[in-house]
Amino acid sequence: MHKIREKFDAELQKKYEKRFLKYGATPEGSYWLNSSRQNLRFKILLQEATKLQKQQSFSVGDIGCGYGALAQYISKNMSSKDIQYYGYDISKKLINYCQNSQHPKWANFRIGSKPHIDVDICLISGTYNLSATRNVEQWEDYIFKNLSDCWYKTKTAIIFNLQISHRAQVSSGNIFYGDKSIILKRCNIEFGPTLFVDHASLPHDTTFVVQSK
């Protein structure tokens with residue numbers, strides 16, 4: 001799996017950097033359809049994170065942060081005093097952009113696919129939607145390997161979203177659609193108590209909330 005993972009990471013890095021060069025720091029630049037759908041996903045992730053935290057402030061690891069859209073959303077919609085933010089991406093170009101752009105001073109960005117320190121919550125929005133293979137089993141294993149790495153650095157919960165279909169598949173455009181029941185079962189077995197959140201405006205999208213035992 002290690003060699004396959006390296007191959008997938010290298011391919012994804014090229015795809016995301018090429019997309020970013022074409023569209024810039026926009027939702028389209030990270031394969032999002034538009035800002036309203038992107039922001040709705042952010043809202044759901046942060047609402048679920050806030051529910052789980054007894055204390056007012058908490059730390060967040062944003063896995064696959066891209067050009068830093070979640071940090072921008074937090075800056076506009078939440079108090080920065082409540083969140084310690086760390087953004088991670090496998091692309092050096094995207095992290096360089098985040099570090100050198102007009103992001104809030106409280107936002108920290110690093111190259112990687114998991115937190116470098118223990119965080120309360122890992123938020124993962126759309127990171128695993130673009131597949132580096134047409135092999136469903138290989139891609140699911142890749143997803144869960146990355147989730148496992150994040151799990152060991154997470155105190156409270158991992159909250160992530162995936163595109164969902166009646167059966168697991170990878171589209172002709174390399175978009176991964178998971179089987180909700182399979183993802184849910186595997187999360188419960190490998191990590192801990194897991195629930196899911198659906199939204200009427202995102203009919204093909206499900207947010208999974210994996211809580212520490």
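Only the coordinates and a few stated rules stand behind these numbers; no lab work does. Computed from a prediction, not measured in an experiment: that's the story for all the values here. Because the Cβ atoms are built from the backbone with ideal geometry, glycine has one as well, and the counts that use them run over all protein chains shown.
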Say we look at region 185-210 and pick out the residues that are surrounded by fewer than 16 Cβ atoms within 10 Å (Cβ to Cβ) and touching a residue at least 40 places away in the same chain (Cβ under 8 Å); which of these is farthest from F42 (Cα to Cα)?
E190
One residue from L123, L94 being in contact with a strand residue (DSSP E or B) (Cβ under 7 Å, 6 or more places away or on another chain), touching a residue at least 24 places away in the same chain (Cβ under 8 Å) and surrounded by 13 or more Cβ atoms within 10 Å (Cβ to Cβ):
L123
Residue by residue through region 129-183, note down the ones that are aromatic (F, W, Y) and either surrounded by fewer than 20 Cβ atoms within 10 Å (Cβ to Cβ) or farther than 18 Å from A49 by Cβ (or both).
W139, Y142, F144, W151, Y152, F176, Y177
Just to be sure before I move on: is G24 out of contact with any Gly (no Cβ under 7 Å at 6 or more places or on another chain), at positive phi and surrounded by fewer than 20 Cβ atoms within 10 Å (Cβ to Cβ) in the structure I sent?
yes
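The rows are residues; the columns are (1) outside any loop (DSSP other than H, G, I, E, B); (2) touching a helix residue (DSSP H, G or I) at 6+ places or on another chain (Cβ under 8 Å); (3) more than 22 Å from V170 (Cα to Cα).
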position	(1), (2), (3)
R110	yes, yes, yes
P115	no, yes, yes
C122	yes, yes, yes
Y128	no, yes, no
A132	no, yes, no
E137	yes, no, no
K145	yes, yes, no
So in region 48-87, with the set limited to residues that are of a type in the set (S, T, Y) and assigned to a loop (DSSP other than H, G, I, E, B), which one is surrounded by the fewest Cβ atoms within 10 Å (Cβ to Cβ)?
S79
